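The values are calculated or read from the model by the stated rules, or taken from the named source; none is laboratory data. Note that the structure is predicted; figures quoted are calculated from it, not measured. For neighbour counting, all protein chains shown are included, and Cβ atoms are generated from backbone atoms with ideal geometry for every residue, glycine included.
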Amino acid sequence: MPTDAERRLHPRIFDTDWLMLRGMTRVLGQLVTRHVREGQKVLDFGCGNRPYAPLFKGREAIYLGADFGHEADVSIAPDGRIQLADASIDIVISVQVLEHVRNLDVYFAEISRILKPGGILFLSTHGTWLYHPHPEDHRRWTRVGLINDIETRGFAVREIESIVGPLGTTTMIRSTGYAVFLRRIPLVGGLIAGAIATVMNLRGLMEEAVTPAQIRFDNGCVYVTRCEKHPS
């Protein structure tokens, strides 16, 4: 059985969030390939179990994970501060963390503080999704709203890509609901849930194919951004 980190990076077609996770891996991989260079320091801010660390292998970059507790490379204090010097990081990645952040001002201020001038932020978060506290869950964004929240806090959004439009998203949500119920059935529940998720994912692929690009762009399940720190 793959670990949760492996599943997030390489989701399986019978996972209910396969459409979303595969899209995130694709876009994040492209960003890493285009922008991460040898010798750069990369901080994964809110790294959890570090599912995206393998994207940096072979890039000769220095990857550091930051999170609460003592298991991460860099500790995040209870007030959200990071134990790193000013202007010490080239790239910060923040993957599906922002919706869980209570104080956006502190979060972005710390990213800005530790980034070098002109440093890069790869950030993804939800446009539409189910409530999922970890340990809290505070927000969902429109594309315009996310750009505004980032750009009013010291960054310029240079790229933004929508992952899964509204038709595919509602299919994933229904699939998740079925799975939660079916997995309660002893022995066969998980198998049935996986089979239904596979069918729903194939349906989602077809729905993505017929969804107009502009509708997907403005109504994403997830938005992945590349941002640059404004010169101070």
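Only a single criterion out of (1) among the polar types (S, T, N, Q); (2) within 27 Å of PHE45 (Cα to Cα); (3) over 20 Å from the mean Cα position of the chain (by Cα); (4) surrounded by 16 or more Cβ atoms within 10 Å (Cβ to Cβ) is not satisfied by THR152, namely (4).
Quick check on the range 216-228. Is at least one of its residues in a helix (DSSP H, G or I) and more than 26 Å from VAL97 (Cβ to Cβ)?
No, every residue in the range 216-228 fails to be in a helix (DSSP H, G or I) and more than 26 Å from VAL97 (Cβ to Cβ).
Counting residues in the range 182-198 that are farther than 20 Å from HIS100 by Cβ and in contact with a Cys (Cβ under 8 Å, 6 or more places away or on another chain) gives zero.
Pull up the range 188-213, narrow it to residues that are hydrophobic (A, V, I, L, M, F, W, C) and touching a Phe, Trp or Tyr at 6+ places or on another chain (Cβ under 6 Å), then point me to the one that is surrounded by the most Cβ atoms within 10 Å (Cβ to Cβ).
Among those residues, the one meeting the criterion is ALA197.
Reported count of residues in the range 118-131, each being within 15 Å of ASP86 (Cα to Cα) and either at pLDDT 95 or above or among the charged types (D, E, K, R) (or both), is 2. Taking the range 110-131 as the range and being exposed (fewer than 15 other Cβ atoms within 10 Å of the Cβ) and either touching a residue at least 12 places away in the same chain (Cβ under 8 Å) or not in a loop (DSSP other than H, G, I, E, B) (or both) as the test, the residues that pass are PRO117, GLY118, LEU130.
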